[in-house]
Amino acid sequence: MRVVFAANILVSALLSARGAPAHALAAWGEGRFELMASPAILDELGRVLRYPGLRERYALSEETIERFLRLLARQATLVEPRERLTAVTADETDNRYLECAVVGEAVILVSGDHHLLDLVEYRGVRVLSCADFLAWLELGVAQDSEN
């Protein structure tokens, strides 16, 4: 199963080991799904992680940021979208996640951003909050073990 995480999910996972995003990232580490990414997503993630206020508040070193980006670049499945989408007009950068999901044939896009969540579904890709994704993932595992 292929999944795309928006930068807000990845940032939250890095900053707190206790929240739903960290549990979702751990599920990826356990091989429960294939994480899709694109160069545009990695660029956005790097930009966000380097916000001065964020770096100061969470004491994020450049080494920590680079290590996290390298991990994702090496272990996620990278795709290069060929089509520019315009499904989200309020925040054009949100379209990069949709582009990745569509070209990567993802089943789910996980985000905390209401512009994406409001779509509910786009070209066969379900857009879920992190909590809903974890519930869906657990339900899928429970159904698989019953069959």
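The values are calculated or read from the model by the stated rules, or taken from the named source; none is laboratory data. Keep in mind that what you see is a predicted model, and the values were worked out from it rather than measured. Cβ coordinates were reconstructed from backbone atoms using ideal geometry, including for glycine residues, and neighbour counts include every protein chain displayed. Surface areas here come from the heavy atoms of the whole protein model, side chains and all, with no ligands, DNA or RNA. Shrake-Rupley method; radii C 1.70, N 1.55, O 1.52, S 1.80 Å.
Which of the residues belonging to segment 65-97 are free of Cβ contacts under 8 Å to residues at least 40 places away in the same chain and either in a helix (DSSP H, G or I) or basic (Lys, Arg) (or both)?
Within segment 65-97, Ile65, Glu66, Arg67, Leu69, Arg70, Leu71, Ala73, Arg74, Arg82, Arg84, Glu92, Asn95 qualify.
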Take the conditions of a type in the set (Lys, Arg), assigned to a helix (DSSP H, G or I) and more than 11 Å from the chain's Cα centre (by Cα) and apply them to Arg57. Does it pass?
yes
What are the pairs with Cβ atoms under 6 angstrom where one residue, in segment 1-28, is over 17 Å from Leu69 (Cβ atoms) and the other, located anywhere, is open to solvent by 10 Å² or more (accessible area, probe 1.4 Å) and of a type in the set (Val, Ile, Thr)? Sequence gap at least six, or different chains.
Met1/Val107; Arg2/Val107
With respect to Glu34, is the statement that it is under 12 Å from the mean Cα position of the chain (by Cα) and either open to solvent by 30 Å² or more (accessible area, probe 1.4 Å) or among the charged types (D, E, K, R) (or both) true?
yes
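Which residue, of Cys130, Cys100, is open to solvent by less than 60 Å² (accessible area, probe 1.4 Å), in contact (Cβ under 8 Å) with a residue 60 or more places away in the chain, under 18 Å from Ala17 (Cα atoms) and of a type in the set (A, V, I, L, M, F, W, C)?
Matching residue, one of Cys130, Cys100: Cys130.
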